[in-house]
Amino acid sequence: MNERWSWLVRYAIVIVLALVLAAALGEMELFKTTKFGKTGLNASRVVQFFGYGGALLVFWLLAQRVATLISDQDERWKLVKPGLVPLATLIVVSCAHAVMLLILCPLMSKAWLPVYNWTFIAGIILSAVWLVAALFTGSSSLAPLFGARGKGGITSRKSG
């Protein structure tokens, strides 16, 4: 394997270990029966939250690092590079809904659940729009959609 990409294996191992440990420890009877006061929150949910949440964070960091290492001159990756971080963000936001519920569900009233759900729906839609915009413009930056030119930032229009 190319030395430039050998770190990829370490990220994959960390993601897999976080998922396996979260699932295994979360299913242990000791963690299921250990409760935090009268909240209904138990140690099993906390372990799963940190394991799955950590795996999502490492996955997003992995996508970010891969996007920085892909060459701008390589024509084969021209379509993939700008969409990589927005796609990873879409996946992470979609999965984060269930991960956050591990901690918040026992603490949240039924009245707040629709607000929580709509917040994630908005986040998922915004992430999907970012992905489509990145593939359309060829840049993961949203600046081209708002009138920016090149690397100089947003340009001002002449008034006439």
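List of remarks:
- Cα convex hull, segment 6-57: 57 Å³ per residue, rounded to a whole number.
- Dipole of segment 1-140, positive end: most advanced residue of 122, 83, 8 [Cβ charges, Cα centre]: 122
- Radius of gyration over Kirkwood radius for segment 1-88, both on Cα atoms: the Rg/Rh ratio is 1.19.
- Structural descriptor for the chain: relative contact order 19 percent, calculated from alpha carbon pairs under 8 angstrom and at least 6 residues apart.
- For the chain, the solvent-accessible area of protein heavy atoms averages 67 Å² per residue (probe radius 1.4 Å; ligands and nucleic acids excluded).
- Measure of compaction for the chain (Cα Rg per 2.2 N^0.38 Å): 1.35
- A simple rule links phi to the HN-Hα coupling: the Karplus curve 6.51 cos²θ - 1.76 cosθ + 1.60 with θ = phi - 60°, which for segment 59-64 gives 4, 5, 5, 4, 4, 5 Hz, with x for Gly and Pro.
- Taking all pairs of distinct alpha-carbon atoms in segment 55-115, Kirkwood radius in angstrom: 13.6 Å
- Taking the C-alpha atoms only, the angle from helix 7-26 to the longest principal axis of the chain is near 30 degrees.
- Apolar share of the accessible surface for the chain: 70 percent from carbon plus sulfur atoms, 1.4 Å probe.
The values are calculated or read from the model by the stated rules, or taken from the named source; none is laboratory data. Source: prediction; values computed, not measured. Positions of Cβ are backbone-derived with ideal geometry, glycine not excepted, and every protein chain shown enters the neighbour counts. SASA here: full protein model, heavy atoms, side chains in, ligands and nucleic acids out. Shrake-Rupley method; radii C 1.70, N 1.55, O 1.52, S 1.80 Å.
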